[in-house]
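Right, one structure below, let's go through it.
The values are calculated or read from the model by the stated rules, or taken from the named source; none is laboratory data. Remember, predicted model here, so these are calculated numbers, not experimental data. Using ideal geometry, Cβ is built from the backbone for each residue, glycine included, and neighbour counts are taken over all protein chains shown. The area values use the complete protein model at the heavy-atom level, side chains included, leaving out ligands, DNA and RNA. Shrake-Rupley method; radii C 1.70, N 1.55, O 1.52, S 1.80 Å.
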Amino acid sequence: MASRTPLAFAVLLGALLWTGLPGIPGGTAAFATSPVAAVEDEKAPEGSGYREVVETTESLPTEGDLKATMRVVTLVPNRGYTPIQVTVHNSGGQPRPVRLSIYSQGRVMERSLELGPRERTVTWLLMPADLQSGTLNLDSPGMDTASRGFYLDSYRGARVMVLGDVKAFEAATGLSRVPENMEPLVATRFVDPLTAPRELAAYAGYDAVLVAVPADQVPDDVWAVLETFAVTGGKLVLDQPPANPRLRFPLLQDEKVELSPYGFGFVRQFRDCRKQTPGCGFTLWEDTKRSPAVVEPAGPPPRWERYSMLIDGRLPLLSSARAPVGRFMLLIFLFVLAVGPGGWMLARRKGPLAVLIAVPTLALLTSLGLVAWSVLVDGFSVHAARYSLTLLDRERSRAVTVGLNAWYANLAEDSVRMPASSVLLASESSTGQEEPPRLLDWTNGLVVKNSFLPSRSYREWGEVAVVPSRARLTAHKTDGGVQVQNALGAPLKGGTLKLDGQLYVLPELADGAEGLAPPEEAEAGDVDLLGLEHEPRMRFQDAVAPLIQELEDGAFVARLGGRGFTPTAALDVELDAALHVVRGQVEEARR
C-alpha cells in the first residue's frame, strides 16, 4: 500500500499540470488570456515622467578682453546635427574676429564671427549626431587658442527640445522628473527662446520640439524657423498657441484643431488634452513616435556583410555604383595566364630576354585597360539619381521639398553649399558613412568643404529644404479637356489635375510648352499619383502621405524630370535617373 502512494501522487500532479497548460481544453483562464495581456502591455509606454539632460556652463581659458563659455552636456538628437551653444563676449573697445571650431574624430565643424566693441553674442555650432564628444577651440588674432573638451548625452529614447524652462514644461505636460533608475517617457533639452538657434538643422534631428512659453516670448525669426521645421516634416507642439495661429502658421486649415497636418509634418496645440487622462505629457510622447524621419538614405552595410552593397539588403539607386568586378576579374585572370604559363612558354621558345620585355608590357597594357574603362565608362563627371517630393506654396512663392539623392563620383567632389533653410541628412545606419565629410563650415548656412563625395564610392544624401520658387502650372478649360502650360521649371512627365470636379491626365511637356490634358478615365482611387519605384519610395517613409491625398478642386500632382528643387540641384551632375513629384494649386490662365 505504501508503495502505491508515490505513484498516485505523481499521477495527480501530472493531471494538474496537463489541465493548466495553455491551449489544452480545460486549461486555466490565466494562461489562456496571457497573450492578450501581452499585446495590451506592448501598447502602453514603458516609462513615465521625463528625464532632464542637465546642461552645465563651462568657461574656456581665454585671454585678454575675449571671454567665452559653452553649454555641456547636451542631448544628442536621433539624426541630423547636435546644436552646441557657445557664448562669446568681447569686453574690449575694438572689433574682434573669432573662429570657433569643434574637432572630433578627425572631423572639424567651424563658424566665424565678427564681434563689435563690447558685444556679447550667443551662437551655435552644429556637429553630426553620430559624434559623442569633441574639443571646442576658440581662435582670435593676438591670442593663443583656447580649448575645452566635452561629452554629449546619447540617451536612446524619445528626445524633445523644449523652448522654455523646467517649470513651464512641467506645467504644460503634467510630467514630473523620474529617478535615475526608472525609464522616462521622454528625455528633454531646455533652450532659452530668446537665444534659440535660427537654423533649421538645429531642430530637424529631434523627435519633437515643444514651445512651452507664451507666443510673445519667442522672437519672430525663431517662429519662422519653427514654421519651417514643421512644414518640412517636424513635430511641433505648442503649449500656449498664439491668439491667431495662422499668423505664424499660414498653412493651417483649422486653427482650433488640436492636431493639424502641416506640410510634411504637423502642428499640435495643447487644448483638449488638458482635460483628458493621462494628459498632455502622454500626448507628447505619442507625437515622438510618429514617422521618425521623412527621408532615410541608405548607408553601407557592416564590414562583415560586404556581400550586400547597402544596409538591410537595399539596392543602390545607381547602376553605375556597381563596380564591374566580373570584367575586372576576367582581365586580371587573363593577365595572370599570360604572365604565368605564357611567360614560361615564351621563355622556352624565345629566351629570358623576351620574358623581361613581355611581362612589363603586359602589365602596362592591363593598367591602361583598367584606366580606359574608368575614363570611357565612368567618365570624369558626377553620376546622380535624384528623387524628391515637393509641396508648392504659391501664395508665399516657395517650394517645400523632401529630397533623396544617390551619388557616384569617379573623381572626388569636395564642396557643396546649403542655405540655413535646408538640412543635409546622412544615413542613420549604425555603421555610418565610411568617409564622412571632414570639414563643415556653418558661418552662412552649411558649406561642406571636404569629402562630400569621395572618389569611386556610392553615397546617398537626404535633403529637406524650403526654397523660393515661382514654379507653377497654368490651365484653362477648352474643348476636349484642359489646356495647360508647364511653368514648373523642368520637363513634365505626366500627372493628374482636378478641375471642376473632373480629373484630367497631364501630358508630357517640355518646360514652357503647352498641351491638352484629356479627361481621366480611371476612378480617383485608382490613379497612381506618385509613379515612384519601390526602392526610392521605401526611403521616403510617410512623406508620401501629403501628396497622395485625394485632390481638391484646382489641385494637381505632376511628375517632373530634371534636377529638382533642393539646393544640391546646383551641382553639375550627369543624371542617370530623376523623378520629382510636385503637388500644388493650378493657376488659371487669363484669356
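Atom-type composition of the exposed protein surface of the chain places 55 percent of the accessible area on carbon and sulfur (1.4 angstrom probe). Could you tally up the Lys pairs in the chain with alpha carbons closer than 25 Å? Skip any pair fewer than 8 positions apart unless they're on separate chains. Lysine pairs, 8 or more places apart or on different chains, close enough: 14.
Annotation: the antiparallel percentage among DSSP beta bridges lying fully within the chain is about 75.
Within 10 Å, count the other beta carbons around each residue, average over each peptide in 208-215, 92-99, and list them highest first.
Values: 208-215: 22.6, 92-99: 14.0.
Ranking, from highest mean packing down: 208-215, 92-99.
Put simply, when 82-91, 218-227 are sorted by average Cβ atoms within 10 angstrom per residue, most first, you get 82-91, 218-227.
Placing pseudo-labels 7 Å out from each Cα toward the beta carbon at Asp500 and Asp479 gives an inter-label distance of 1.5 nm. Rolling a 1.4 Å probe over the protein heavy atoms gives the chain an accessible area of 49 Å² per residue.
Only four residue types carry charge here, +1 at the Cβ of Lys and Arg and -1 at the Cβ of Asp and Glu. Report the dipole size of the chain about the Cα centre in Debye, rounded to the nearest 20.
Numbers: 58 positive and 69 negative charges, 321 e Å.
Roughly 1540 debye, rounded to the nearest 20.
Projecting label points 7 angstrom from Cα along Cα→Cβ for Leu315 and Ala224 puts them 4.4 nm apart.
With a Förster radius of 22 Å, plug the Cβ-Cβ distance of Ala347 and Leu368 into 1/(1 + (r/R0)^6) and report the FRET value to the nearest 0.05.
On the way: r = 24 Å, r/R0 = 1.11.
The value I calculate is 0.35.
Would you please give the FRET efficiency between Glu588 and Met329, computed as 1/(1 + (r/R0)^6) with r the Cβ-Cβ distance and R0 = 51 Å, to the nearest 0.05?
0.25
Counting only Cα atoms, the size of the chain along its three principal axes is 100, 94, 79 Å, in decreasing order.
List every DSSP H helix in the chain whose Cα atoms extend 24 Å or more along the helix's own long axis and whose mean Kyte-Doolittle hydropathy is at least -0.5. In the chain, the long hydrophobic H runs are 4-20, 352-373. Packing-based ranking of 560-566, 282-288, 437-443, 508-514 yields 560-566, 282-288, 437-443, 508-514, ordered from highest to lowest mean Cβ neighbour count within 10 Å.
If you plug the beta carbon distance of Asp528 and Glu258 into 1/(1 + (r/R0)^6) with R0 = 30 Å, you get a FRET efficiency near 0.35.
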